[in-house]
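The values are calculated or read from the model by the stated rules, or taken from the named source; none is laboratory data. From a predicted model like this one, the values you see are computed outputs, not experimental measurements. Please note: Cβ atoms are built from the backbone with ideal geometry, for glycine as well, and neighbour counts cover all protein chains shown. Just the protein is used for accessible areas: all its heavy atoms, side chains included, with ligands, DNA and RNA removed. Shrake-Rupley method; radii C 1.70, N 1.55, O 1.52, S 1.80 Å.
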Amino acid sequence: MKQSEEGIQNSIPDDIALKIASSLQVWDVCSLGSCSRFWRELCGSDCVWECLYRERWPALDLGKDSSAQDVKTHQFDPQIEPSLMGWRAMYIDKHNEMDCRATVVLNFVKHCSSSESIEVGHYLSAIEGLCSMQLGFKDVQMFLFKPKLSVLLNLIGLHYCIRWLGVPAEAIMEALGSCQISEREVCVQWWKLGRWFYGFRLRDESHSRTFSLLDIALDKEEEVLGVLRRGAIHEVIRVQISVAKPVSTPWSVQSPPTQN
């Protein structure tokens, strides 16, 4: 085993191996690091994890961050606590921090929603929570674009990425596809005050639209996004977002029994 590791190390120049590791996603870096001691040491280096950190949280200005200076100063000091050592530890700490922030929003939505639906006021409050907690696009992918979560949470993350993060449509579509949630459907219903007609107010108007998350990413539902963005104001008296129900048929066609 030792000879094979030395063979790998001798066959690949250090700069090429570092470039390979630096081009991978975090889960691929962890997998590659488990292959051998050579790759474990390389994939645990600060060069790799600093790139991963800055790529995931590009908005953070670490040039003025004292914790970043501590990392560069104390990374090889055995007297320093592990939580203060190296970019890998910083990445893990920040990941756990973002996980806790996302959990707050998840619990809020679960508390406010009932029967797989949520009112637009709570919906917008959840998005404002994401803004105040400064979740990035990759954070949304990891914590809100999960197929096992309610599609309502998927939609909240998607709307946040489009409206507040300004993520390009191509990147969003790729993320939805890789997370296997692009075809999940949502139903939005909104009610408008009835119009006045010769001194009489007509009945309130009800509108309903069912669409997939991919439709939102492709900007096919601009009207619905406008309703969700404005909420219940002016002539719109209520907006409700719910999980789209599958269309049921009044009867099912059964195949005739086979002849023996």
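Please work out if Ile156 is part of a loop (DSSP other than H, G, I, E, B) and touching a residue at least 12 places away in the same chain (Cβ under 8 Å). For Ile156, the condition - part of a loop (DSSP other than H, G, I, E, B) and touching a residue at least 12 places away in the same chain (Cβ under 8 Å) - is not met. Could you give me the residue pairs with C-beta distances under 8 Å whose first residue belongs to region 207-236 and is within 19 Å of Phe145 (Cβ to Cβ), whose second residue is modelled with pLDDT of 85 or more and among the hydroxyl-bearing types (Ser, Thr, Tyr) wherever it lies, and which are 6+ apart or on separate chains? Between residues of region 207-236 that are within 19 Å of Phe145 (Cβ to Cβ) and residues that are modelled with pLDDT of 85 or more and among the hydroxyl-bearing types (Ser, Thr, Tyr), the close pairs are Ser212/Ser182; Leu213/Ser182; Leu214/Ser182; Ala217/Ser182; Leu228/Tyr123. Of the listed requirements (1) open to solvent by 50 Å² or more (accessible area, probe 1.4 Å); (2) in contact with a Cys (Cβ under 9 Å, 6 or more places away or on another chain); (3) within 23 Å of Arg209 (Cβ to Cβ), Ser114 misses just one: (2). Residue count for region 132-152 satisfying the condition of being in a helix (DSSP H, G or I) and either under 9 Å from the mean Cα position of the chain (by Cα) or under 17 Å from His95 (Cα atoms) (or both): 9. Within region 125-147, not a single residue is surrounded by fewer than 19 Cβ atoms within 10 Å (Cβ to Cβ) and farther than 24 Å from Thr103 by Cα.
Sort out which residues of region 34-48 are assigned to a helix (DSSP H, G or I) and either within 16 Å of Gly86 (Cα to Cα) or among the charged types (D, E, K, R) (or both), and write them in order of number. Reasoning before the result, please.
Taking region 34-48 and keeping what is assigned to a helix (DSSP H, G or I), we get 37-43, 46-48.
Once the filter is applied, which keeps residues that are assigned to a helix (DSSP H, G or I) and either within 16 Å of Gly86 (Cα to Cα) or among the charged types (D, E, K, R) (or both), region 34-48 yields Arg37, Arg40, Glu41, Leu42, Cys43, Asp46, Cys47, Val48.
When the criteria are applied in full, Cys51 fails the requirement of being within 27 Å of the chain's Cα centre (by Cα), at pLDDT 85 or above and open to solvent by less than 40 Å² (accessible area, probe 1.4 Å).
All of Tyr123, Tyr91, Tyr160 fail the test of being touching a strand residue (DSSP E or B) at 6+ places or on another chain (Cβ under 6 Å) and among the aromatic types (Phe, Trp, Tyr), apart from Tyr123. Ile162 satisfies every condition listed in (1) in contact (Cβ under 8 Å) with a residue 60 or more places away in the chain; (2) of a type outside the set (S, T, N, Q); (3) part of a strand (DSSP E or B) except (3). The residue that is most open to solvent (accessible area, probe 1.4 Å), counting only those in region 172-195 that are in contact with a helix residue (DSSP H, G or I) (Cβ under 7 Å, 6 or more places away or on another chain) and in a helix (DSSP H, G or I), is Met173. Restricting the first member to region 27-54 and to residues that are farther than 17 Å from Asp139 by Cα, and the second to residues that are of a type outside the set (Ser, Thr, Tyr) and not in a helix (DSSP H, G or I), the beta-carbon pairs closer than 7 Å and six or more apart or on different chains are Leu32/Leu24; Gly33/Gly44; Asp46/Gln75. Residue count for region 213-244, restricted to those that are farther than 19 Å from Leu124 by Cα and crowded, with 18+ Cβ neighbours inside 10 Å: 1.
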